[in-house]
Amino acid sequence: MKYHRPSNERGRGFHGWLDSRHTFSFANYYDAGHMGFGPLRVINEDKVLAGHGFDTHPHRNMEIISYVVEGALEHRDSMGEVAIIKRGDVQRMSAGTGVYHSEYNASKENPVHFLQIWIMPDTKNISPTYAQKRFEDLDGKLRLVASHDGRDGSISIHASVDLYASKLKEKEIAHLQIGKDRGVWVQLVHGQIFVNGQLLEAGDGLALAKTPDVSIVAEDSSEFLLFDMAL
């Protein structure tokens, strides 16, 4: 199974200070045909103006990952965590039994551009936790940045999901073997890539299921996320 989700077909939330594109149903955007893929529930591409952000609000029983594309994001939460998330950083918040947090543009001059990702956990009502790590070795390969067991220096998450990030130069190739009963979602941040022969452009997503492997070829300088997950 292969399903292409073009960037221009995503939902949109525009609030002046926030321009958000929703790969799956979120907030006021609802489409019964796009409720997620496996445990992957939300991929929002958010652009927030300087000096603005998301006021304190609650979450529970969700693995929330932030991936900064450009700029810096200031995080504060009810666990006492205060952090600045910059390009190259991956942040994970396991909401568990409940947590309050805010996310603000850390700059008073420049916008911040990031992906907000929600993954449904395997186990509910765990104690909330926070993790953040910088990854500077994405060039020319698939770099594991989050996983269920935290292997290879990745951030641990409470879901059977392996999240890879990659930056490929023109004509570079990345390849991944896929286990039985697992699926893949590829989200292109920028550039152009072919995924198992399907062309993706910036903002596009692609779902793959019942495939033994994934082959990615960069048409030009590109950056993307790849989710390998239990279905």
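Relative to the current alpha-carbon distance between residue 86 and residue 198, full extension at 0.36 nm per residue lengthens the span by 37.2 nm.
Once C-alpha pairs closer than 8 Å and six or more residues apart are averaged by separation and normalised to the residue number of segment 48-128, the relative contact order reads 45 percent. When a 1.4 Å probe is rolled over the protein heavy atoms, the share of accessible surface on the chain that falls to carbon and sulfur comes to 49 percent. A cut-off under 12 angstrom between Cβ atoms defines the neighbours of residue 230, and their net charge, with Lys, Arg +1 and Asp, Glu -1, is -2. What the phi angles of segment 13-28 give under the Karplus curve with 6.51, -1.76 and 1.60, with θ = phi - 60°, is a coupling list of x, 10, 10, x, 6, 10, 10, 10, 10, 10, 5, 10, 3, 7, 6, 7 Hz, glycine and proline written as x. Across the alpha-carbon set of segment 1-61, the Rg to Rh ratio works out to 1.00, Rh being the Kirkwood radius. Semi-axis lengths, largest first, of the ellipsoid equivalent to segment 105-231 are 24, 21, 13 Å, with √(5λ) applied to each eigenvalue of the Cα gyration tensor.
Using 0.36 nm per residue and subtracting the Cα-Cα separation, the extra length available between residue 57 and residue 221 on full extension is 55.4 nm.
Surface exposure of segment 1-95, expressed per residue as accessible area with a 1.4 Å probe, stands at 46 Å². Along the positive direction of the dipole of segment 1-118 (beta-carbon charges: Lys, Arg +1; Asp, Glu -1; about the Cα centre), which of 15, 102, 52 reaches farthest? So the residue we want is 15. In this structure residue 78 has an accessible area near 80 Å², from a 1.4 Å probe over the protein heavy atoms. Pairwise Cα distances in the chain exceed 23 Å in 46 percent of cases.
In summary, the aspartates and glutamates within cross-link reach of residue 171, defined as a Cα separation below 20 angstrom excluding same-chain residues under 8 places away, comprise 137, 139, 201, 204, 213, 219, 220, 223. For residue 37, no residue 5 or more places off, or on another chain, has a built amide H under 5 Å of its own.
Taking the Cα centre as origin and putting +1 on Lys and Arg beta-carbons and -1 on Asp and Glu beta-carbons, what dipole magnitude results for the chain, to the nearest 20 debye?
380
Grouping the Cα pair distances of segment 73-157 into 10 Å bins from zero gives a pair-distance distribution of 15, 45, 33, 7, 0 percent in increasing distance order.
Checking the table 124/167; 2/167; 86/210; 86/180 against a 29 Å threshold on Cα-Cα, which pairs fail? In this structure, 124/167; 86/210; 86/180 exceed 29 Å between Cα atoms.
The values are calculated or read from the model by the stated rules, or taken from the named source; none is laboratory data. Computed from a predicted structure; not experimentally measured. Cβ coordinates were reconstructed from backbone atoms using ideal geometry, including for glycine residues, and neighbour counts include every protein chain displayed. To get the accessible areas, we keep the full protein, side chains included, count just its heavy atoms, and leave off ligands, DNA and RNA. Shrake-Rupley method; radii C 1.70, N 1.55, O 1.52, S 1.80 Å.
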